[in-house]
Amino acid sequence: MRLTPRAVTGVLAWSAAGWLVAACGASQPTAGCQLKKGPGYTSAAAVTGSWPYSNADLANTRDATGSTISSANVAELTQAWTFKLTGKAAAGVRPFGALTANPIVRSGVVYMQDLDSNVYALSLATGALRWEYQCDQPEKSGPGPNGVAVAGGTVFGLTPTAAFALSATSGRMIWANRDLLRSGQGTFGIQPQVADGRVYLASQLGSAPGGGVLLALNASSGAVLWRFNTVVGTEPGVQALGVGAGGAWETPLVGSDGSVTYGIGNPYQTAAAAIAHPAVDLYTDSDVNLDAATGKLRWYYQGVPDDFKDYDMQASPISARTGGVPVVIGGGKMGYVYEMNAGTGRLVWKTPVGEHNGHDNDSLNALEHRSTLKAPFTIAPGPLGGVLTDLAVGGDSVYVATLDVPLTYATLDLKTGTQAASTATGEVEALSLATGKVEWDRKVPQMPLGAVTVSGDLVFTTLYDGVLIAMNRRTGAVVYRRQLPTSTNSPIAIAGNTVIVPAGGPLTSARGRGGSPQVVAYTAP
């Protein structure tokens, strides 16, 4: 399928600054938000299994430990329940959809947030609504996948301008902090992480000077513990960075070594500016490792200096071990996967994934005053990908989904390109954790926007036009396909024998079929 002009416009805007949201600006029930209880409020959990963090665990591996779903029973997945959004949320934020966050599953309850920042608690067994924290007058600002974190009986989430905590049992508000952002530091939309009594979050639409801001809050009170600015220095060009520079829009990695690592976005500048005033623009397009207690910088690795292609190194970093040595796996829209030493940030290996057409060194050439770039030019990967969604690690392999959508820049004065004359497709690849060598590469007919998720001997993802697929982890062969009720651009959760798929993407039909935004659960015997 080729992207329609409407879809191109929407996805380009989303790629330039993350994901557009319409979120409730109020952070207390008396200012446009209210708590509603549903028929499943008092129901007891009848199934087991969990997906306790946005990427399955604090290491961000997206490996569904404890899942019973494998190649032996995947063909028997059947629809168990569906929960349809209603009201304003059902309309979504076209053309960006209504659901883009990863569900959280704890103690028989599915917690999720839509792009109007409404929060839902559903029965894992039946999909029945237990409670809903609903915002009737959401502010139309963004971007972000949105999403919640759950820890210690509390649900933590964000609106574009505030952080809040709700009781996981009742949905009642515990605290709200509406004074987190300083002038020029953008809006929230990241799915936060919670560990060791701290809530880790970040702004997404930062702007120089200062860029985005990384934050840690006290989980009990919401008070700010520390903040870290993502754009620093006085190099020529730093002050000219555009709105959107240096944000973060995926869940950070909380390490067992007392650190927290964020993937940081791009400087959002034109080719003309990057060539005329080259600068490395720290810490854009970087993985930044901080002391989790103080927010002090420990190390960073920058994937692309002086970026002018809206690339980002935004993927949630992953903690792993190679030969007994702790490492961090990162990646982003420049179409590379990186392995770094977890203690120093030293690069171990980097591997290109997806389509590349010879423009990988454009930014480095500009930085070194060697650029000969002329417009028009077409780049692959374009600003929609390489790696737009989160990676996974299972066993000795790294799994990654890429988008193959080349984009053309008509002039050097554009901050993002327009679609090239090609079909929007993608790939799922497996890399050796030890060496970065490609183990297999599976082409897929649409953009794989559902991240990648490991379950037993399978790797799952979803395609933009509304298909859930599973591949053999050893060969990449597609062994399962399931048509969803509508399109999807959200990652999935796997808890026990249940696959939970948010199907609320921006397409109005999936393979000719319409469908309202909904969460669908499939179970295997």
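The values are calculated or read from the model by the stated rules, or taken from the named source; none is laboratory data. Nothing here was measured: the structure is a model prediction, and the numbers come from that model. Quick reminder, even Gly has a Cβ in these numbers, built from the backbone with ideal geometry, and neighbours come from all protein chains shown.
Can you find, within the range 172-191, the residue that is farthest from A149 (Cα to Cα) among those that are modelled with pLDDT of 90 or more and surrounded by 24 or more Cβ atoms within 10 Å (Cβ to Cβ)? Before you say what the answer is, go through the steps one by one.
First, the residues of the range 172-191 that are modelled with pLDDT of 90 or more: 172-177, 190-191.
Pick out the ones that are also surrounded by 24 or more Cβ atoms within 10 Å (Cβ to Cβ) and you get 190-191.
Working: I190: 11, Q191: 7 Å.
In this case the residue turns out to be I190.
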If we keep only residues of the range 202-218 that are more than 17 Å from D179 (Cβ to Cβ) and surrounded by fewer than 24 Cβ atoms within 10 Å (Cβ to Cβ), then the residue modelled with the highest pLDDT is P209
(message) Taking the conditions exactly as written (farther than 17 Å from D360 by Cβ, at pLDDT 95 or above and touching a Pro at 6+ places or on another chain (Cβ under 9 Å)), does A320 satisfy them or not?
(response) yes
Of the listed residues (D413, D396), the one being among the charged types (D, E, K, R), out of contact with any Phe, Trp or Tyr (no Cβ under 6 Å at 6 or more places or on another chain), closer than 22 Å to S67 by Cα and surrounded by fewer than 23 Cβ atoms within 10 Å (Cβ to Cβ) is D396
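Can we say V150 is within 19 Å of the chain's Cα centre (by Cα), surrounded by fewer than 24 Cβ atoms within 10 Å (Cβ to Cβ) and either part of a strand (DSSP E or B) or modelled with pLDDT under 95 (or both)?
Values: within 19 Å of the chain's Cα centre (by Cα): yes; surrounded by fewer than 24 Cβ atoms within 10 Å (Cβ to Cβ): yes; either part of a strand (DSSP E or B) or modelled with pLDDT under 95 (or both): yes.
Yes, satisfied.
Condition check ((1) touching a Phe, Trp or Tyr at 6+ places or on another chain (Cβ under 9 Å); (2) in contact (Cβ under 8 Å) with a residue 60 or more places away in the chain) across all residues:
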| residue | (1), (2) |
| --- | --- |
| F460 | yes, no |
| V467 | no, no |
| A470 | yes, yes |
| T475 | yes, no |
| V478 | no, no |
| R481 | no, no |
| P491 | no, yes |
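Can you find a residue in the range 393-406 that is of a type in the set (F, W, Y) and at pLDDT 95 or above? First the steps, then the outcome.
Residues of the range 393-406 of a type in the set (F, W, Y): 399.
From the residues that got through so far, the ones that are at pLDDT 95 or above too are 399.
Yes, because at least one residue in the range 393-406 is of a type in the set (F, W, Y) and at pLDDT 95 or above.
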Of T82, T65, the only residue that is of a type in the set (S, T, N, Q), surrounded by fewer than 23 Cβ atoms within 10 Å (Cβ to Cβ) and either farther than 30 Å from V400 by Cα or modelled with pLDDT of 95 or more (or both) is T82
